[in-house]
Amino acid sequence: MTTDNWKLDEQRQFSFSGFFRNYALTLRSNFGDGLIQQSETRNVYGGEATYVQSVRPWLSLLAGVDLRQDAPRNLDLKHIEAQGVFQPVTGNNLTLSFVEPFVSLDGTLGKYFHYDVGFRQELVWMNNQDVIVPQNSVDRLATLTLPKTTITFLPSEHSYLPTVAFSYGEAFHTDDPRIGTGNQAPTLLSPSRAYQLRLSKVIKQIQFNITLRRVSNSQELAKIDPDTGLQEDVGPSLNRVIVVTLQRNFSHGALYVSYAEADARSTQTGEPVPEAPRLIWDAVGSYNRLPFGLQGRGEFEYVRAKFLGDGFVGIPVREIRGGVLRPFKDNHMSFGVNFLIARGYTGQTTETIPFEGGTCPVECIVGVPLKSYVSASWSYYFGR
């Protein structure tokens, strides 16, 4: 990745950046429907050009364009047969090209209001070469205009009123163009819309933040089924979130506590969206003046059990993280010990698994157990 900044004068600046990434991936998994293999070789490259200008003391302009091409090749899905041979299910060569110009204005309205308004135009070309079923190949262009805005109320320094910020924005998911969509796909881009209200206030050196968020997602073909390796038709949903945070900084440490609760439901059935997080508690603390020159930090996190679908409810997750650090030689070198005490499972979902000797497959909860550990680290900082 490379970046170059050109400062034309005190009010104007150009920025340019570019990147390239390449990787190859082969993944084999068996979640009940037999062993599958997914493989691909992917090249991703792109860049951004940005222009910033301070037009007036109360107004600034940002404009630019993002360019990106994502090209997975030999995107193959295979399923093992009874004879132990992998047979192809899908085979594709994809090219996703993105051209995304944007512009925004940032400024103040009077003494108490600040605004940030912008638009981003999405032009997405999708070329899908279906190697196995050529008639499912598709070459299409989709466009979408995404507005974003934030209006902030800034009270006077000694006011009892909180800082209030209201935001609205739109985004999108890129649908999976492989099997089952072809030229009959209703759209290549599935838009989503978000509204957010944030209140902030410092009371007795404690920073309080309350955030309310509402996100609506349209129907999409963007989630991969772990059993088959193919895309799932995910219906439209509505997600409501509340987040409360408290932060207190001390001379030799800090404390941060957050509470987040969400309700994600299908807008078609009204049922909860399976596997979506419902409630998360988190607390982080640090102190830099322990005995013997030690510095310590710790975190506790609790994730309430999630609804997994079909009447199944998962297991809550509890994690305690901590670490002790000892710097030496004016912070040029340090030794540390870190630990994690975990209870629960990650990736909790339901699978229909045929048990040996059973008469029929049984649906049950599966997941990867979290492991506790202790680790040590050594760091050295070169230079001044």
- Query: Does LEU96 satisfy being in contact with a Ser or Thr (Cβ under 6 Å, 6 or more places away or on another chain) and part of a strand (DSSP E or B)?
  - Reply: no
- Query: So which of VAL202, VAL164, VAL117 is part of a strand (DSSP E or B), under 27 Å from VAL241 (Cα atoms), at pLDDT below 95 and open to solvent by 40 Å² or more (accessible area, probe 1.4 Å)?
  - Reply: VAL202
- Kindly indicate which of GLU351, GLU301 is touching a residue at least 60 places away in the same chain (Cβ under 8 Å), surrounded by 13 or more Cβ atoms within 10 Å (Cβ to Cβ) and within 29 Å of GLU271 (Cβ to Cβ). GLU351
- Task: Mind listing whichever residues of the stretch 126-147 are touching a residue at least 24 places away in the same chain (Cβ under 8 Å) and over 18 Å from LEU75 (Cα atoms)?
- Result: ARG140, ALA142, LEU144, THR145, LEU146, PRO147
- Name the single residue, out of those in the stretch 57-77 being among the charged types (D, E, K, R) and open to solvent by 70 Å² or more (accessible area, probe 1.4 Å), that is nearest to ALA24 (Cα to Cα). ARG73
- Item | Residue ID - nearest to the chain's Cα centre (by Cα), chosen from residues in the stretch 126-161 that are open to solvent by less than 30 Å² (accessible area, probe 1.4 Å) and of a type in the set (Gly, Ala, Ser) | ALA142
- Message: I need the full set of residues from the stretch 275-314 which are of a type in the set (S, T, N, Q) and assigned to a strand (DSSP E or B), in order please.
- Response: SER286, GLN295
- Task: Just give me the residues in the stretch 220-268 being acidic (Asp, Glu) and at pLDDT 90 or above, in sequence order.
- Result: GLU261, ASP263
- Log entry, pairs with first residue in the stretch 263-274 being under 18 Å from ILE242 (Cα atoms), second being modelled with pLDDT of 85 or more and open to solvent by 80 Å² or more (accessible area, probe 1.4 Å), beta carbons closer than 9 Å, six or more apart or on different chains, reads ASP263/ARG240; ALA264/ARG240; ARG265/ARG240; ARG265/GLU271; PRO272/ARG265; VAL273/ARG265
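The values are calculated or read from the model by the stated rules, or taken from the named source; none is laboratory data. Given the structure is predicted, the values throughout are model-derived calculations rather than measurements. As a convention, Cβ positions derive from the backbone with ideal geometry for all residues, glycine included, and neighbour counts pool all protein chains shown. The accessibility values were calculated without ligands, DNA or RNA, using every heavy atom of the protein model including side chains. Shrake-Rupley method; radii C 1.70, N 1.55, O 1.52, S 1.80 Å.
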